[in-house]
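Each value in this text was obtained by applying a stated rule to the coordinates, not by laboratory testing. Everything quoted here is computed from the prediction, not taken from an experiment. Positions of Cβ are generated from backbone atoms using ideal geometry, with glycine treated the same way; all protein chains shown enter the neighbour counts.
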Amino acid sequence: MNIVENMQWPPMGFLDWKMAEHSAWYSGDAEILSNFYTMYLSKNVLNIPYPLRTNGESFWGRQIKNQGEIVVHVPIAGDIAETSANFLFAEAPIIKIAEAHEQKASAGYKTTQEEMDKMLIENHFFRRILEGAETCAGIGGGYIKIAWDKDLSPWPIPVVVQADRAIPEFRFGILTAVTFWKVIDMDDHESKVYRLLERYERGAIISTLYLGTGDKLGKKVDLKSHPDTKDIEETVETVDELLAVYIPNMLPNRLDRNSCLGRSDYSGIEGLMDSLDEVFSSWIKDIALAQAKILLPESYMAKMDNGKMKYNLDQMFYVKLDMDPTVEGDKITPQQFAIRADEFEKTSLNLLDRIITSAGYSPQSFGLNIAGRAESGTALSMRERKSFATKGKKENYWKPAVKRLVQLMLLVYNEELAGTVETDVNVNIALNDGITNNLQETAASVKMLSDAMAASTETKVKLLNPNWTDDQVQAEVDKILEENGLGPQEPPDGNLDLTQMKFNKNKPKGGGKNPDEGGDK
């Protein structure tokens with residue numbers, strides 16, 4: 001996109017508006033949702049030229065502030081995004097440099113592996129990708145850029161950037177450049193808004209400061225004109241790579257099949273989530289209306305100094321009342337309305353089931369339909385097959401992205417910081433499956449493989465200890481073979497002379513002498 005002064009900001013296409021809608025759902029805040037549907041859509045304050053739902057078509061679009069209505073928001077959207085991230089990165093992925101784990105690996109590759117391990121832990125890399133995975137599921141995609149600051153850290157710093165704060169450029173589906181933007185400062189009326197735009201392209205980062213208004217980019221100003229940007233260089237030459245990675249949640253985007261932007265887990269279920277909030281709000285309203293009430297004649301109430309009437313409930317059972325019990329209208333009548341809890345619960349659970357399934361997950365992943373079950377890892381995997389299928393799809397986007405990020409950080413570590421590691425390396429990524437099998441199940445699996453002679457000792461050790469390094473596995477294999485007398489044994493003189501060995505196939509089983517040896521025939 002060609003960015004020019006005084007242009008509409010932010011530039012909003014249809015997918016940008018859908019990201020804004022999904023962002024409102026992800027927030028879990030009822031006021032943000034109400035503002036989005038009533039202010040931005042119904043009033044059309046930003047001139048949306050696309051057919052989005054208006055205030056009369058959704059529960060949240062009908063909510064007007066200060067109306068005294070009971071409104072409840074169920075934050076299922078946030079739960080979906082969090083569950084997606086947990087499936088991917090609740091357990092840190094295993095990242096190895098292939099050359100460092102070869103049998104005759106050089107010291108340089110082993111040092112690179114050690115330095116990389118320290119870098120990923122100390123620069124909070126695993127925490128960053130977990131954070132990125134959650135917002136990626138919510139709004140359809142996300143970016144992670146590589147920054148560095150010698151005063152803050154000796155390592156490159158991965159930074160998560162939200163998809164609705166970026167303007168990407170793709171060629172053949174590959175990110176070639178991206179402009180990240182953020183509001184640096186603004187006044188109360190949004191008449192003066194400072195925005196910093198950072199363009200990441202191959203080999204360079206270009207920063208520009210604009211002074212505009214709430215809906216206009218404005219004009220370029222000197223970076224030194226604001227204290228928050230005075231130390232930023234206008235152009236920074238970097239390694240000959242694009243130091244940013246885009247991770248789509250999933251593709252294709254069903255709203256625009258030609259787009260390179262990923263689709264949100266909420267795509268197509270906005271109406272279901274809206275209906276769920278309406279049902280829950282009606283449920284709570286039903287509870288409020290069903291509060292116990294006492295109907296009594298006004299003559300039984302005492303008049304207060306301010307002219308209002310009151311009835312002392314604490315004395316109602318022992319104060320003498322001047323009433324005729326035979327008169328129908330003079331009776332005190334308690335009233336308790338019924339609460340339609342069963343109907344509301346069934347409707348809510350049905351909507352939850354539909355929302356979760358349409359988002360690509362099994363209801364069991366959210367604690368539904370599991371009453372009385374205590375299942376093994378295998379059974380759990382079968383019941384949550386849909387969730388694991390979705391996880392597998394997302395891994396296809398995250399694995400190459402994580403690999404690329406690690407390679408970029410190694411390059412930046414060498415070129416911009418004090419690193420002396422190998423950069424031309426093959427990075428292997430292994431994501432955990434999120435299922436913990438107990439030792440009894442794993443041991444049974446190993447025994448079956450052993451009885452069928454279908455796996456080597458090395459494979460069985462790896463199966464029991466999936467997180468061990470190759471050196472640890474080999475050490476354990478050597479111990480097992482040695483303890484069982486199966487290890488390689490050297491002959492006494494170090495050489496094996498086959499010509500001196502005799503093989504006799506006719507030796508009797510009962511221990512008698514062989515006929516050739518002169519024994520009894």
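Assuming 0.36 nm per residue, please report the length gained on full extension of the stretch residue 221 to residue 465 beyond their Cα-Cα distance.
Once the chain is fully extended between residue 221 and residue 465, it gains 82.0 nm.
So if I restrict to the alpha-carbon atoms in segment 78-191, what is the Rg, and what is Dmax, the biggest pairwise distance, in Å?
Cα only, segment 78-191: 18.1, 66 Å (Rg, Dmax).
At a Förster radius of 41 Å, what calculated FRET efficiency corresponds to the Cβ-Cβ distance of residue 202 and residue 103, to the nearest 0.05?
0.65
With a point put 7 Å past each Cα toward its Cβ, work out how far residue 475 is from residue 111 in nm, to one decimal.
According to this spin-label approximation, the distance is 2.3 nm.
Please order 175, 33, 351, 463 by the number of other Cβ within 10 Å, starting at the fewest.
In order of increasing Cβ crowding within 10 Å: 463, 175, 351, 33.
How do 447, 104, 460 rank when sorted from fewest to most other Cβ atoms within 10 Å of their own Cβ?
The most exposed by this proxy come first: 104, 447, 460.
What is the local net charge at residue 285, summed over the other residues whose Cβ is closer than 13 Å to its Cβ (Lys, Arg +1; Asp, Glu -1)?
Taking every other residue near residue 285 into account, the sum is -3.
Quick one: net charge of residue 181's neighbours, Cβ under 12 Å, K/R +1, D/E -1?
Here the count lands on +2.
Quick one: 172, 14, 87, fewest Cβ neighbours within 10 Å first, how do they rank?
In order of increasing Cβ crowding within 10 Å: 172, 14, 87.
Suppose each label sits 7 Å from its Cα in the direction of the beta carbon; what would the residue 287-residue 354 distance come out to in nanometres?
Each label point lies 7 Å from its Cα, and together they span 2.3 nm.
Principal axis lengths of segment 153-221 from Cα atoms, whole Å, largest first?
Cα spread of segment 153-221 along its principal axes, largest to smallest: 39, 35, 21 Å.
Under a plain spin-label model, where a point goes 7 Å from the Cα along Cα-to-Cβ, how far apart in nm are residue 258 and residue 230?
Spacing of the two 7 Å Cα→Cβ label points: 4.8 nm.
What does the charge count near residue 433 come to, summing +1 for each Lys or Arg and -1 for each Asp or Glu among other residues with Cβ under 12 Å from its Cβ?
-2
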